[in-house]
Structures are given as C-alpha cells and as structure tokens.
Amino acid sequence: MKLRFKLEVKKEAVVLLLAILLGLIAGAVFMALTGSSPITGYEFLFKGGLMNLERIGNTLATATPLIFTGLSVAFAFRTGLFNIGAAGQMLIGGFCATAVGLTLNLPKPMLLTLMVLAATVSGALWATLPGYFKARFNVHEVVSTIMFNWIAYWVVYYAVPAYFKGAFETESRYIPNDASLRVDWMAKLFDGSYINLGIFLALAAVILIAFILNKTTLGYELKAVGFNRFAAEYAGINANRGIVLSMMIAGALAGLGGMTLYCGYATSIQIGILPSQGIDGIAVALLGANSPWGVFAAALFFGTLYSGKGFMNAMTNIPPEIADTIIATIIYFAATSVLIEKFVDKMKRRLKGANSSCG
Amino acid sequence: GSQDAKAPAANKLMVGMVTDSGTIDDRSFNQGTWEGLVKAGKDFGFSPKYLRPAGTTQADYDKEITNLHDAGYTLIVTPGFKFENSIYTAQERYADTKFVLIDGVPHPGSDYSKIKVGKNTVSINFAEHEAGFLAGVAAALQIKHGDFGFIGGMEIPAVQRYNWGFQQGVKYANANLGTSISLKAENVIYQGTFNDVAAGQQIAAQMYDRGVTVIFAAAGGVGVGVINEAVSRTKAGKQVWVVGVDVDQYAQGYYDSAKTKSVILTSAMKYVDQASYDMVKSVKEGNFPGGQTLTFNAKNNGIGIPAKNPNLSDDVAAKVAEVFKKLQSGAIQVSDKGDGLIK
Amino acid sequence: MEYVVEMRGIRKEFVGIVANDDITLNVRQGEIHALLGENGAGKSTLMSILFGLYQPDKGVIRVRDREVQISNPNVANDLGIGMVHQHFQLVHNFTITENIVLGQEPNRFGVVNTVNAAKRIRELSERYGLNVDPDAKIEDVSVGMQQRVEILKMLYRDAEVLIFDEPTAVLTPQEITELMKIMKGLVAEGKSIILITHKLKEIKAVADRCTVIRRGKYIGTVDVAATSEKQMAEMMVGRQVSFKVAKEDRAPGDVLLKVDNLTVINNRKVEALKNFSLEVRAGEIVGLAGVDGNGQTELVEAITGLRKVEKGHIWLNGADITHRSIKERINAGLAHVPEDRQKRGLVLDYTVEDNLVLEVYDREPFSKGGLLNREAIRDYSRRIMENFDVRAAQGSITKARSLSGGNQQKAIVGREINLAPRVLIAVQPTRGLDVGSIEYIHKRLVEQRDAGYAVFLISLELDEILNLSDRIAIISHGELIGSVNAAETDENEIGLMMAGIRKEEKA
Amino acid sequence: MWLIFQQISPYAVAYTIPLLITALGGLYSERSGVVNIGLEGLMVVGSFAGAFTISILQPTLHSNALWFGLLAAILAGALFSLLHAFASISLNADQVISGTAINMIAGALTVFIARHLTGSGNIEIEGFTRFNVPFLDRIPVIGALFFTNTYATTWLVLAILAVSYFILYKTVFGLRLRACGEYPQAADSAGINVYRIRYIAVTISGAFAGLGGAIVLVTYSGEFNGTVFGLGFLALAALIFGQWKPLGILGATLFFGFASTIANVSQATPIFASIPDVVLKTFPYVITLFVLVLFSKTSQAPRASGQPFEHGKR
Ligand SMILES: Nc1ncnc2c1ncn2[C@@H]1O[C@H](COP(=O)(O)OP(=O)(O)OP(=O)(O)O)[C@@H](O)[C@H]1O
Ligand SMILES: Nc1ncnc2c1ncn2[C@@H]1O[C@H](COP(=O)(O)OP(=O)(O)OP(=O)(O)O)[C@@H](O)[C@H]1O
Ligand SMILES: [Mg+2]
Ligand SMILES: [Mg+2]
C-alpha cells in the first residue's frame, strides 16, 4: 500500500514536470518567433529567479501568496466549487491582519498569532456568504464571488485611508517590525531577501490541506459533496454545511495568503488594486492538478517565473509584455499538455481503429 | 544571440527605468519619463530600458531595481511617490548606481522626518499646484462666467496639488481679473481610480448637464472618459471644455474631422520628459546633482501651460503670461496645501 | 439473404479488459433476437459496435450481405440500424418532436420546421400504437413515454434493425406488456429487433432466438421456443440457477417500522402521499406494489429523511424519527437501497472502497477522532466485495464509475446489508441485474429477514414482490389501497388493486 | 430623480451594450457546453484589433473606418478563441484553464504588438458620434430613455440579439447547439458532430467578445490600452444572472448598466451626497447579490456546461 502511494505521487510529479517542460518549449518557440534567443532568455529567466540566495529567497516569497491562493482555489475545486473570489478574500484577510498589526502593541509572537487568526477568520467569513448563498439559495458561486471581490475592493479602498492612512491616501501606514512576517534571521540567511515566515505558514497549510483532504472524515465528506451532492445527502452528510464549510476553508486560505502578501512580502496594504494572485491562483491550482503538493510545486514554478522575469527583461531585448506572454504561454501549454498524453492516445487509437477495420 | 545585452561597455551609458503601476504609454509621468530617456538615448547614443514590476508593493519595486542594477545599469530613473522607500534603501545598497526619483523624496517607511537624499540620488518634485493655478486662471479668463468642475483620479498628492492649484487660480481670476467663475463642492470629485473610463464619462455628463462648462480632469483614463464626453457634446453642438493634465492633451480632444478644433481649453503641464532628459544629460556631462532635491516649478520653467493654446484668445494668453511672470517672481504664491479649499 | 445483420469474430479490448472476444451474432430479417449475458458480459459493448459508437479491434460486420464499416452512428443510421440505449439519449428540456428530429431536422433554409415533423411523428405514433404527444417536454413525461420516444426516434429514421439495450429495466409491468406488444407489431411490419434483457420471461414471451455470451465470449445461439428458461440461465452463468426463493415461514415480531397517517408533498407541490399508514415487523418482508409514480418515491424519501413530512409520523423501532436527520436515522438502524443508483447511491468518482463506507466512514474503526483508517476501510470493503461478488478491474480502488451497472448495484446492496440494519428499505434492488445476481441478492434479503430484521421492498416488478414478500401493501395515487398476505394472493388480485380497486369494492 | 434617470440612461445603455454582446457570446459557448472565462481577454483582443485597424484606416476612410475596425475585432476575437476551443474541445482540458490562459495572454500580447506596430501601447481613435433616432426619440418616456443619444453599435447589437434569439430557438443549428450543451451524448448518438458545433460556438463567443471589446473602444473609451476593466467577468456574471437566456441576459446587462451608472454618477449628484462613498460604490454588486438570492433557486444552467465531451464515451 505504501509502495503504491509512492508510485502514484511519482506519476503525478512526472506528469507535472512533463507539462512544465512542454510549456517551456512553447515559450521558447514564442521567444524565437519574436526574435530573441530562447537559450539566453531562459538562462536569465532562471538566473533571475534562482541565481543567488537572495533571489531564491525572493522567489519563495513571491510563491508564498500563490501557494495560498492556489490551495484556496484547489480546495474549493475538490469540493465542487469554483472560488474565483480569492482576490477579495486576500484583500479582506490582509486588511484585517494589517489592522490588528497596526492597532495592537504586543510582543511579536503574540501579535503574529493574532494577525494570523484575524486573517484566517476574516477571509473565512468573507467567503461564508457566497457559500451560504450557494447552499441556501443556489446562487452561482462564480457570480457571487466576483461580486464579493468588488465589494472587498471598495471596502478596503475606503477603510484604509479612513482608519489607517499612511503617508498617502492610497496606502496604509507601514506595519511595525513586530507585525511583519519578515524576520532578521531569514533575511540574513537569504542575503536580504523578502522571504518571510509566510513560507512556513504556506508549507503548514499545504500539509494541513493534504491531510484534511486525504486522511480525515471532513475531507471525505467535502469531496463527496463536491462529486455528488445527492449521494452525500443520501448518506446523511449535510451537503449545505459542506458547501459553506468548504468555502470558509478556501476563504481562510486566501485570507492568510493576503496576510503573507501585505504583512510579509509587502509592508503596507495598498488600495485601488485587486491582488493578481487571486486569479493566478486558478492557474496554480489547475497546473497542480488540484492536489496540495501539486499546488505547492506549481506555485514555486510560478514564483520562479515571476521573479525571474525582470532579470530576463533587463539582460535581453525581451520586453516585459513579451515576458508576460511567455509566462501565459507556458501556463497554457503546461496546463493543456497534462492532457496531450491523452490526446495522443486518442489519435493512436483512431488510427489503429481505422487500420484494423480496413484490414 | 547578438541582440542580447553584453557586459556594459566602458563608457556607454546604461540607463533604465522602472514604471510604477502605470505603463509607459500612460500619457502621464511614466510616459513623460520614458520619452525623456528615449530622447536622451538618441542624443547621447544609448538605448534605455524599462521594467514593469509585477505588483505595487515595495518588494516588487525593489526587485526590478535590483534587476537593473545586476544587469549593469548605472542610472536608474523611477517615477512616482511609490518608489520613495525603494530608493531610500537602494541608494545605500547600490552606492555605485545613480538614482533619479521623480515626484517623491526617499525616506524609510511612512516616516517623513528621516528624509535622506543620497549622494548618488536626485529627487525631483513638481509644483503641480502652480500648473493647476495657471490653467485655472487661463480657463477662467477665457470663459469669464459660469461653473467649473474638477475630476481627479485617486486622491494622491500630485492630483491633490493640481486640484488645489486650480481652485486658487479660479479664485485669483475672480478676485483680480474680473471673472465670475464658480466651483461648487459637488463638482469637485475624486473618482477613485485612474482607469474607469466609463465612470469618467458618466460623471462628466452629470456635471455638464448641471451647467458646468469646463472640467479640469487630472485622472488618467478617467480623464479620457471626460474628454470623450466633451467631444460628443461639442460635436452635437453644445460646446463644453476640458482642461488637460500633465502633458498638452490638445490632440486628444479633436472634434472635427480636419483635426484642428479641440475641446481641450488648455492643459496644466509638468515637464517630466525634460526632467528625465536633463538628468541623463547631467550624468553625461559629469555634473549629476547627486544629493539634491530639485523642484520643477514656474521659476525654472518646469511647469506651465502649452506654448500654443488655440482655444485661448491672444488677450487671454497675454494675461496668463503676466500671471506666469508673477509666479516666477514670487509676486504670486500658490499654496500646495488644501486648507480652506474644497476637498 | 439469410441474415440482416452478421457480426463475426468481433473483438473489443478496453484498457485491462477484453469486453468482446471473438463474438458471433446473426440476426434474421423479421425476428426478435435476444442477447443474453451476465452483467459485464459485453452485450452493450457489442451493440455499441454495431451502432458505430465503438470500432472493433477485430472482426467483420455484414449488413444485408454487404460488408460494412460502421465508423459512426450516422453510418449505422444510413444502414437502417437504430438503437435505444440503456440510458436514454434524450435532452430533458426539449420537446419530444425536437428530440426525435435532432440530427435529421426537416428545415427550410436552416429554420426547423417542427410542424411537419410533429405530424409525421403523430402518424408513426398511431401506426405503432405508441401514444406519444409530440409537443410535450421530456422532463414532463414518464419513463415509459421516454422509451417510446426512443423507439419513435428509430422509426422516424426508417430503421430496419432496432437494438434495445435493456429496455424493460426502467418500466412498470404495464409498460413492459405494452412494449412487448409494440415490438411484436414492429417485427410484424418486417423490422428486426435485437433485444438485450436479463429477464428470461421476457425472452420467452417475445424472442425467436437467443444468443448467449459469457465474460465476453460467445456461448451459443438457441431457438427460444425449444429452450427452457433454466437452460438459458445455465448457458449464461455456467452453473445451475434457482428462480424460486427458498423461504421458510416465520412468525413476525415487533413492529420495527411504522408509518402513521403520513402526508407528503412532491416537487410539484401536490400531495403525493395522503394519510398513508403502514407497519413492517421484525422478521418479515413487506412488499409495496404499485404503478410507478403513485407515491412510492415520496414515501421512501419521507422515511429515509430526504423529504419533509407535512403531516403524520414515522416510527423506527419504537422511536419517533419524523423530524430526525438522515444521519440519525441511519444510526438508529435504517438502511436504504436507493432507486437511482447513480444519482443517490454512489459517488461515481470515488473508489469502490470509499463508496462502501459512505454511511459509516465516521464510525470506528473506519475513523477515529476524525481521521480515516484506510486499512480498516479496505478490509471492510474487500469483505463486502467478496461476499457480494462485486467485480472490479482494480479491486477496491477501482473508480465506481467504471463498474458495470450490475456491479454497482451489488456494491450498494452489499453496503446496505452490511450495516446490519433493523429496517432495510430496498427500492428496485435488482434493477438491471442478471439472474445470477438477482438470485444472490434475493437470498441476502431473505437472510436479512431470517435474522429477525424488517425488510421493506419497493419494486415495480410484480414477480419480485410476489416471490419475496411475506405481506404485500398496494399503493395507488398516494393512498394505501390495502394489504394482503403473499401466500394468499396472486398477480391478478394485486394488479387490480394497483389500478386503485379496493378489495371490498371488488368483492 | 426621474430627471437624473433620464439623463444617465444613454450612458447606462452605452455601458450595457458591450456587456450584452459579450455575454451573448458567452451564451453561445455555454449553451454548447463550453465554459468560457476567457471573455475578458477576448474583449481585449477585440479592442486591440479594432483600435489598430481604425487607427490605420481612419485617415483615409474617416468614420467608415470604424466599421472595418469592428469587423477586424470580430475576426481577431474569433481567431483567438480557437486557442480556447482547441484546449477545451480537442484536448478535453479543463475549460477553466485555457480561459484563464487567454486572459493572461491577451493583455500582455496585445500591448506588445501595439507597441511594436504603432510605437505605443495605447492607441487612440475617434469613436462613433451619438445621435437621436428620428421620430422615435419623441415618444414620451421611452423616447428620452432609449432613443436619444444612441450609438449605431447599440442598434447593431440589439439586432444581433434578435437574430441570436432566432438562431438559438428556431434553427437547426440552434437546436443542435443546445442539445450539445445539455446532453452531448444524445447529440452524438443522433449523428451530430459535437466537436464541430462546440468549435463553432466557441468561435462565435470569441467573435462577439471581440466585438464587445471594440464597442467599448468606439463608444465610450476611445482608446485601447490593454484592458477592459473586468467587463468580461461582469459579462460572465450577467450570463449566469440572466439564466443563460438571450432576453435574460438583456435584462441582466441593463440592470448592471443602470446600477453601475447610478453608482458612478451618484458621486457627482448632490442628492446622494449624504450617502457614504463606499455604499455607493458597492451598490451595484450588493444589489446584484440581492437579486440573485431572490431568483436563483431554479438554475437553468446547461447541464453539460463545463464538461469535456469524448466521442463514444457514455
Ligand atoms: N469504455 C469502456 N472502457 C473501459 N471498460 C469498459 C468500457 N465499456 C465497457 N467496459 C467494460 O467492458 C465489459 C463489458 O461491458 P458491457 O457494458 O458491454 O457489459 P454488459 O454486458 O452490457 O453488462 P450489463 O448487463 O451490466 O449491461 C465490462 O467489464 C465493462 O466494465
Ligand atoms: N470511464 C470508464 N472507465 C471504464 N469503464 C467505463 C467507463 N465509462 C463507462 N464504462 C463502462 O461502460 C459500460 C456501459 O455503460 P452503461 O451505462 O451501459 O452500464 P451498464 O453496465 O450497462 O449499466 P446498467 O446496470 O444500467 O445496465 C459500463 O459497463 C461501464 O463499465
Ligand atoms: Mg449493458
Ligand atoms: Mg446493464
């Protein structure tokens, strides 16, 4: 049994790696098409993300919120829900964590704990309503979470300057050191990078979510609801509760992601922008095949691309827009190439079928 | 490949810029900065580079600055107050690199008591309030009676200063130059974004419907909506006006097919391109004013209204020129604070 | 031309399984040819090949003496071959006309002309006695009507060879009789029919010849008139099968399930159950007979907690469970083999083992403190799979989706019986199963009764009810018409009562 | 209040129309069984193709150039949507993935090409002129609301809506398309090429979204800059809100159009001055949620929407 488990994981990883490889090839073709050398392009892309400790640290820091949003989307997916609202949940979670960090004056460990709590709870609550609407009134979660994104956007937009105005209307005060996930020893270890305790939170979240999904009755119930709500009801599982709960967990994850973004990666919360990690989380989740460790790996991959991109721009003639396009191309091909294997099989069978019925 | 950058040639300038949340086509200071660099590039023989950060946090900005530095760039220009923290750390970290910070001063966190402009840094500010003041005077003089409005994007310092300056300009004209222009509180609005074109148009429509004849739009894409609405109305025979911002927006407001007539009455300008060009030039000539905070204002011709304003009568233009002189001489003082003004 | 359709040496392999292995099938013009085999024997696969949904890996198909390659359903259609699938291929929110013309729409410049089509459908419907309203929407008509729509679909396309894949599995006895008549009418008109069914009685009733396959292999073709049901069953399973359930008399004990004056409202907000009362005692099997749609579904849903009760009470083992949650009812000893195995009975994307603990995953030893115990779950599932002969390609970690319908059903029945419930509610427990499996499941239901538990059997098949039950209750229009002792009644009496005629009235 | 309503009505309609046509495109796609969350990106592509074409042709063709721009947008949107079609139909990919990828690619790629071809990632054009519909504008109430200050594209889109209604519910193609979205296996066994229908439907959705993006351009925005401000996602919401029906979508988009216009102008309207900004800004979203809560109980979602289809699999 253990052996089989290992084999399965290995297979998943191989597929993911193959997918990424195909994505990279597609990106290379694109670079060549636009008149740049793919080899130098990739050389600097990966150097930019990984060439020294500082950059590795930055890559991890960039990946951290993505791990959370990826997990959030993946978890909802596994329970049959499409959480397109991670961005709003991040904003709210990040805002509440910031609010706690700016208001309370406590020793760092206590303050951080409270902030984590604030981010988790507020993110969860923000997602509860769409979950409840879905369960109770059958409101499609895609629409409601989009609406909640914009509501979060405007709430934060007005709340930040009203209560936590920093130097300008557009951002909050900077959070004090004690409220930041950044710690000296990590910064030192990684040569002054932004890497912060968030990565440990993310790792813990991956482990926890993998555990919940695979090993607990809760995960069993939620997945059952996701796959077949009627059967779950039949078996006495409270499907409505499952939907709400699943959205809450997704929201909590995204909220925590918001905290790692605004109180770890950044040092204040900005208004007037929905964090792009919300939508990126969808791609991360799908590339990671909605499995927690898959999400983890996919987020690291994305982190590398995002943080290496600028260096590639700086060192080559590939302009930023092309870099973005290349990343999107990689994602497209990586995501679809998970299926190319199937496609090839299908073609083979078609050919074979045609041959054998001819002969 | 051959087109990829090699190690910096010994005496070649390596000039890069990092955009803020806008793009290099934003018709505002990102574009201005970039155009100045491009022009300098032509004049001094180098090709500038721009990078676009993935987000709007300090970490995002720092990363791109590091990228430029690691790639061998020796002069890094950053437009926008959002870079204040990044430059504060970068100027120490990369002492061998020169920095130009436009629209801000380096300082740590939100603490303005610790402003520090490093030896390798020049901080540039613009007197937007003076530009707004001039535009306000010019518009008031040309229209004489009626209602004006202001539509801003987000409530950030530069936009606020434009607003406050504009209000003071209208007041000045009313008090000293015989105009009677009103600016009602309900017609002074910060829309809240720099990109909601539709909202810009809809708000402008409301104001014009209420009888406002001139709107000063300092709002990026929101302003585009305002101009569109003015063009539509003017085409339909109801002449209304817009005062442009940052650059001469005259060409954006054409309403005839010959492309000569425009709804842009005048524009409140700050010469960002000039500033970035000057900085490159100073490096080239070896007199980079490191450690200084430069203010571009009326005195040093760093702000103004367009040289040619087809919609202003000669008489008005002459009067505005006088006012400009008084600004330069200090006879007129424009406050960069909002005390006693609307919003 | 001896045969309209000849399939020779057909082989079809799926990943890990040979569904068809050198199968031969010859169908004569104007005959009803039955295709018989256990669940998973490969019948549907063979027919899908004939209909062009799958390509055979090997083998030859000849239609009217011409060798053909049926690369897709259009080709089959052009060859005059039509198929009624096990799961109806109907779009729920289309009208019957729209469903029938789909793919061959009469039109002018691309605009569908349903008027003419409806007329033609009406004509066909009358000619073959199908009684179909062309303008009704599929979601509003009965299953039997849907089936007739499928038949019309074939007739509309001028099909000469009609394939029926288990057409009776979803029909009421009345509808089955009706269908048999229709089929006879069709062959009388010169059409040929291939009929897949597990019910030997039906084969006996209508078929001329019967081809038997077992585990993907061809066993033989027999003349139905000259072969007994028993013989056919043996060919199919490869051993002797008994049809009569061996059941000893037993004195019933305490009332374990009591339904008292129950009133329930259905989805259309109409009273589907009116003041319905019933008792099921320990050690007895009570069968509920009735025409489909007379309140059986609502009754079961009310008892199991899937539907709200308007009035009245439900008692389980002496406790009022009217307002208890589903979970509480299960824990109190209620089990339920649901009517629709794919909608309610299984989480198709779960493995078989996960499905087998659907109601008990939260009990020890399957979980403790919220943590699943894989080991225990697997052991438990393997036992059930062994006991109930659930065949799955990769054992307990096979996805339930890839199980054949029969095996899906066995898994569900096994799961429910393994709960050792005081009251087992079995709705259509043998729907779509081969005789071997039916025999087995019947045996298990009787064992349940013999162990002193109550079994409440709801079935549309009168045979099953008569065979298994100790007592039979009859429902019509949501009301209890009466209840009789199984030993003292016959098909006739019950048939009348199902039509709503009470015993007293009759007397 | 009524006056304000009357005043904003042309703007609300102008805002509604691109949403409407994009949502209508989404309707084709989803009704055929393919979820298209790439509408946003496809709108951007349309906006770019339109702006580029117009900027080249306008000097010679003047306002006629606008129509060529719309045509180019339709073509570009259709072409780009093939990316989505290929992944989600031929490869059986999760339909959300390729949609997301399209959204990511569109913004960056179009700005790059724009900069490459025109020297700026921001292309300005001169849009349509508004006009009053003769005679009809004098009808009391309705005239002021719907027939004054209209754009030509408004009538174009309404015509497309009418034609789409007819296509979906009256033609062979519409019948087959809906069958593919509800129960592709049924269509398959009736000999319909599900893949082809879905390809066509996705291409239409791309064409319409492209048109929608270009309409934003030629009506109220007047410039391409690599974004359509989340309208594509809003169109997706309108599609669901409108219960996957043409007239439902019309209602839903009009609702969004008026709600957001009211929210925008209320900032500049004295009688709303006492209401906090945050309430005004969130008003359209809150009210949408409220309406959804009231009307979502019975969902009309196409049953097979979002599910990959494989020929021969049941
Ligand atoms: N598409 C498929 N992929 C893999 N295996 C398949 C597929 N279709 C059928 N099988 C397998 O092939 C075998 C034959 O299946 P088939 O459906 O033909 O049986 P059947 O005789 O119709 O059974 P039943 O009486 O239950 O309807 C089964 O083991 C089934 O699991
Ligand atoms: N994804 C799949 N993998 C393996 N087998 C499959 C898959 N999908 C379908 N099948 C097989 O296809 C066959 C035909 O499906 P069908 O719905 O006719 O089932 P069936 O066994 O005939 O069910 P019933 O009990 O209703 O007669 C099934 O036997 C099932 O095993
Ligand atoms: Mg079968
Ligand atoms: Mg079967």
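The values are calculated or read from the model by the stated rules, or taken from the named source; none is laboratory data. Since the model is a prediction, treat every value here as computed from it, not as a measurement. Counting neighbours? That spans all protein chains shown, and the Cβs are built from the backbone with ideal geometry, glycine included. In case anyone asks, the SASA skips ligands and DNA or RNA and just uses the protein heavy atoms, side chains included. Shrake-Rupley method; radii C 1.70, N 1.55, O 1.52, S 1.80 Å.
Remarks
- Protection-proxy order for peptides D:21-29, B:13-21, each taking the mean of Cβ atoms within 10 Å per residue, highest first: D:21-29, B:13-21
- Per residue Cα convex hull volume in Å³ - calculated over segment C:3-237: 125
- For segment C:159-228, the extents of the C-alpha atoms along the principal axes are 31, 27, 23 Å, listed from largest to smallest.
- FRET efficiency, 1/(1 + (r/R0)^6) with R0 35 Å, evaluated for D:Thr298 and C:Lys368 via beta carbons: 0.25
- Under 16 Å from the Cα of C:Lys269 - aspartates and glutamates, other chains or at least 8 residues apart: C:Asp140, C:Glu298, C:Glu301, C:Glu310
- Antiparallel DSSP beta bridges within segment C:3-237, as percent of all bridges there, nearest 5: 55
- Separation between Cα centres of segment C:1-23 and segment B:73-116, rounded to whole Å: 78
- Inter-centroid distance (Cα atoms) of segment B:293-343 relative to segment A:260-328, Å: 44
- Order by protection proxy (mean Cβ within 10 Å, highest first), peptides B:186-199, B:44-57, C:118-131: B:186-199, B:44-57, C:118-131
- Cross-link pairs B:Lys42/B:Lys98; C:Lys43/C:Lys153; C:Lys119/C:Lys201; C:Lys368/D:Lys297; C:Lys43/C:Lys119 - those with Cα-Cα distance over 26 Å: C:Lys119/C:Lys201; C:Lys368/D:Lys297; C:Lys43/C:Lys119
- When DSSP beta bridges are restricted to pairs lying wholly in the protein assembly as shown, around 45% turn out antiparallel.
- Intensity falloff of segment A:69-123 expressed as log10 I(q)/I(0), Debye formula with alpha-carbon point scatterers, at q = 0.18, 0.24 Å⁻¹: -0.62, -0.84
- Stokes-Einstein D (µm²/s) once Rh is taken as the Kirkwood radius of the protein assembly as shown over alpha-carbon pairs, at 25 °C in 0.890 mPa s: 68
- Take A:Trp154: with every protein chain present and a 1.4 Å probe, its accessible area is about 20 Å².
- Cα-Cα separations in segment D:25-85 greater than 17 Å, expressed as whole percent: 43
- Using a simple spin-label model with pseudo-atoms 7 Å out from Cα toward Cβ, B:Ala251 and C:Glu229 lie 9.3 nm apart.
- Neighbour-limited loop hits for trypsin sites (Lys or Arg not before Pro), segment C:371-415 (at most 14 other Cβ within 10 Å; DSSP other than H, G, I, E, B): none
- Ordering of B:292-304, D:248-260 by burial proxy (mean other Cβ atoms within 10 Å per residue, highest first): D:248-260, B:292-304
- Mean shadow area of chain C, taken as a quarter of the surface of its Cα convex hull (nm²): 25.7
- To the nearest 10, the accessible area of C:Glu2 is 120 Å² with a 1.4 Å probe.
- Inter-label distance for C:His92 and C:Glu139, nm, one decimal - labels placed 7 Å from Cα along Cα-to-Cβ: 0.6
- Taking 14 Å as the cut-off, the amide N atoms of segment C:13-40 that come nearer than this to a point 7 Å along the Cα-to-beta-carbon line of C:Asp65 belong to C:29.
- Over 21 Å (Cα to Cα) - which of B:Lys39/B:Lys325; C:Lys199/C:Lys410; B:Lys281/B:Lys337 fall in this group: B:Lys39/B:Lys325; B:Lys281/B:Lys337
- Once the 1.4 Å probe is applied to the protein heavy atoms, chain B comes out at 35 Å² accessible per residue.
- Between D and C, buried accessible area from a 1.4 angstrom probe totals roughly 2100 Å², ignoring ligands, DNA and RNA.
- Normalised convex hull volume, segment C:349-418, alpha-carbon set, Å³ per residue: 73
- B:Phe133 sits among other residues whose Cβ lies under 12 Å from its own Cβ, and their net charge, with Lys and Arg +1 and Asp and Glu -1, is 0.
- Relative contact order of segment C:3-237: 28 percent, from C-alpha pairs under 8 Å at least 6 residues apart in sequence.
- The radius of gyration of the Cα set in segment C:62-142, together with its Dmax, comes out at 14.8, 43 angstrom.
- Shape index of chain B: Rg/Rh, with Rg the Cα radius of gyration and Rh the Kirkwood radius from the inverse mean 1/r over Cα pairs, equals 1.00.
- Projected area, mean over directions - chain A, Cα convex hull, nm²: 22.8
- Amide H to amide H distances under 5 Å link C:Ile458 with C:Leu288, C:Ala426, C:Val427, C:Gln428, where only residues 5 or more positions off or on other chains count and H is placed in the peptide plane.
- Partner shielding of D:5-15 amounts to 3, given as the average count of beta-carbon atoms from other chains within 10 Å of each residue beta-carbon.
- Summing Lys and Arg as +1 and Asp and Glu as -1 over all other residues whose Cβ lies under 12 Å from the Cβ of D:Ala108 gives a net charge of +1.
- Projected-area mean, chain D, by convex hull of Cα positions, square nanometres: 17.6
- Longest to shortest principal axis, alpha-carbon extents of segment A:1-143, angstrom: 50, 42, 41
- With all protein chains modelled, accessible area of D:Glu126 [1.4 Å, Å²]: 40
- For segment C:155-221, GluC sites (Glu not before Pro) meeting the loop criterion (DSSP other than H, G, I, E, B) and having at most 13 other Cβ atoms within 10 Å: C:Glu189.
- Summed buried accessible surface, chains C and A, 1.4 Å probe, nearest 100 Å²: 2500
- Test item: Cα-centred dipole of segment D:2-232, Lys/Arg +1 and Asp/Glu -1 on Cβ, debye: 400
- For segment C:3-237, the residue among C:Ser192, C:Leu171, C:Met154 whose Cα projects farthest onto the positive side of the dipole built from Cβ charges is C:Ser192.
- Mean partner shielding of peptide A:173-181, defined as the number of other chain Cβ atoms within 10 Å of each residue Cβ, is 1.
- Between chain D and chain A, roughly 3900 Å² of accessible surface gets buried, counting both sides and using a 1.4 Å probe.
- Considering only chain B, percent of DSSP beta bridges that pair antiparallel, nearest 5: 5
- Counting only other chain Cβ atoms within 10 Å of each residue's Cβ, the peptide C:377-389 averages 0.
- Estimated inter-spin distance, C:Ala420 and A:Leu50, nm [label 7 Å along Cα→Cβ]: 5.7
- The reciprocal of the average 1/r between distinct C-alpha atoms defines the Kirkwood hydrodynamic radius, which for segment B:64-158 equals 15.5 Å.
- Distance from the alpha carbon centroid of segment B:214-229 to that of segment D:1-55 works out to 22 angstrom.
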